[in-house]
Amino acid sequence: MPRSFIPRADDRRVTWLNALADGLAQDVGTAGITASDAAHTKTDAEFFAFLVSEKAEMRQAAETLTAYTSQIADGLPPGTNPSIP
């Protein structure tokens, strides 16, 4: 099976999509590329970058909430306050 030229890792895909969008913007008017195509590609690249960022923030929030829940469930040494998320 041939290898894809599109990266698998999300952070590398963000870079790849941004480069694609920039390249299309430079090539408007050639090979049938319209300004609308370039604009839609840029919007899609920005949205994908937003989703990747949100996913990372959600993962961090889930880890923080899990740690907080464990502190409450397992108890803490006397005089120690839980780390409130």
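The values are calculated or read from the model by the stated rules, or taken from the named source; none is laboratory data. Note that the structure is predicted; figures quoted are calculated from it, not measured. Don't worry about glycine lacking a Cβ; one is built from the backbone with ideal geometry, like all the others, and counts go over all protein chains shown. Keep in mind that these areas ignore ligands, DNA and RNA; they rest on the heavy atoms of the full protein, side chains included. Shrake-Rupley method; radii C 1.70, N 1.55, O 1.52, S 1.80 Å.
A few notes on this one:
- Distance (nanometres) between label positions extended 7 Å along Cα→Cβ at Thr69 and Ala31: 4.8
- If you sort the three axes of the alpha carbon gyration tensor as a ≥ b ≥ c, you get a/c of 1.5 or more for the range 25-71 and a/b above b/c, which makes it prolate.
- Cα gyration tensor, the range 1-81 - rounded (a/c under 1.5), prolate or oblate: prolate
- Rounded to the nearest 10 degrees, the inclination of helix 10-26 to the longest alpha-carbon principal axis of the chain is 30 degrees.
- Positive minus negative residues near Glu63 (Lys, Arg vs Asp, Glu; Cβ under 14 Å): +1
- Solvent exposure ordering (accessible area, 1.4 Å, most first) of Arg13, Arg3, Arg59: Arg3, Arg59, Arg13
- Cα-centred dipole magnitude for the chain, charges only on beta-carbon of K, R (+1) and D, E (-1), debye, nearest 20: 240
- Think of the chain as a dipole: +1 on every Lys or Arg Cβ, -1 on every Asp or Glu Cβ, centred on the Cα centre; then among Thr80, Val14, Val28, Val14 lies furthest on the positive end.
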